[in-house]
Amino acid sequence: MEPATESQTVATLRTSFAVLRADGHYRVVATRSIAIEQVIMSFEGIMVAEPSRYSIQIGSDQHLESPPDEAREVMFDIRPWRFLNHSCAPNARVSGRNLIALRAIAPWEQISFDYNTTEYRLAAPFQCRCGETTCCGTVSGFAALAPEQRERRRPHLAPHLIAMLREEDARD
């Protein structure tokens, strides 16, 4: 038997979630139970040096972005990560170019990750609406977090943020 192609792998992952629109907002929801540590989706896109409102930072100066002028319908199929929302108490984390379940996720539950665990500075900060007791308030990126907020996120930080944190600690 030949190994699965990238498109077959994406198709298999794609059956565990869907992009929905409710209350005027897009979101990614589970369509079936997702187990802890399961890869939910892989990220595809173009690499850019500067963040945008919709990019995901995956390296110090590396931001994954959708190609310019890409149709929304194409994004639904190829770049569903574009519709992932932030939560200060997320059920998933970013690891490289994958989204991994932090805990079991029930069918029809929204899938979210903490933008502050991948983004050093957001191009377009916004007020968080997660309602969690540990809410950061304004989501501006890791650089804007208080020391205790940074520490709480440490176990789920992207490698590039860990490296930046080490550099900051070395300067102090």
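Let's see how each residue does on (1) of a type outside the set (Lys, Arg); (2) farther than 18 Å from Ala92 by Cα; (3) at pLDDT below 95; (4) in contact with a strand residue (DSSP E or B) (Cβ under 6 Å, 6 or more places away or on another chain):
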site	(1), (2), (3), (4)
Glu2	yes, yes, yes, no
Glu6	yes, yes, yes, no
Ala11	yes, yes, yes, no
Thr15	yes, no, yes, no
Leu20	yes, no, yes, yes
Ile36	yes, no, no, yes
Ser42	yes, no, yes, yes
Arg72	no, yes, yes, no
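Just the residues that are assigned to a loop (DSSP other than H, G, I, E, B), surrounded by fewer than 19 Cβ atoms within 10 Å (Cβ to Cβ) and out of contact with any Leu (no Cβ under 9 Å at 6 or more places or on another chain), please, taken from segment 63-104.
Matches in segment 63-104: Pro67, Pro68, Asp69, Glu70, Ala71, Ala89, Gly96, Leu102, Arg103, Ala104.
For Leu20, which of the numbered conditions (1) in a loop (DSSP other than H, G, I, E, B); (2) without any contact (Cβ under 8 Å) to a residue 60 or more places away in the chain fails to hold?
Among (1) in a loop (DSSP other than H, G, I, E, B); (2) without any contact (Cβ under 8 Å) to a residue 60 or more places away in the chain, the lone unmet condition for Leu20 is (1).
What's the number of the only condition in (1) over 16 Å from the mean Cα position of the chain (by Cα); (2) within 25 Å of Cys128 (Cβ to Cβ) that Ser112 fails to meet?
Ser112 satisfies all of (1) over 16 Å from the mean Cα position of the chain (by Cα); (2) within 25 Å of Cys128 (Cβ to Cβ) except (1).
Return a yes/no flag: does segment 159-168 have any residue that is within 22 Å of Ser42 (Cβ to Cβ) and either among the polar types (S, T, N, Q) or surrounded by 15 or more Cβ atoms within 10 Å (Cβ to Cβ) (or both).
Checked segment 159-168: at least one residue is within 22 Å of Ser42 (Cβ to Cβ) and either among the polar types (S, T, N, Q) or surrounded by 15 or more Cβ atoms within 10 Å (Cβ to Cβ) (or both).
Take segment 105-122 and flag every residue that is of a type in the set (A, V, I, L, M, F, W, C) and surrounded by 14 or more Cβ atoms within 10 Å (Cβ to Cβ).
Ile105, Ile111, Phe113, Leu122
Considering each residue of segment 127-150, count those that are assigned to a helix (DSSP H, G or I), surrounded by 11 or more Cβ atoms within 10 Å (Cβ to Cβ) and of a type in the set (Asp, Glu), and give that number.
0
Restricting attention to segment 27-51, which residues are farther than 12 Å from Leu99 by Cα, surrounded by fewer than 15 Cβ atoms within 10 Å (Cβ to Cβ) and touching a residue at least 24 places away in the same chain (Cβ under 8 Å)?
Correct list: Thr31, Arg32, Ser33, Ala35, Glu50.
The values are calculated or read from the model by the stated rules, or taken from the named source; none is laboratory data. Fair warning: this is a prediction, and the values are worked out from it, not measured in the lab. When we count neighbours, we look across all protein chains shown, and the Cβ atoms used for this are built from the backbone with ideal geometry, even at glycine.
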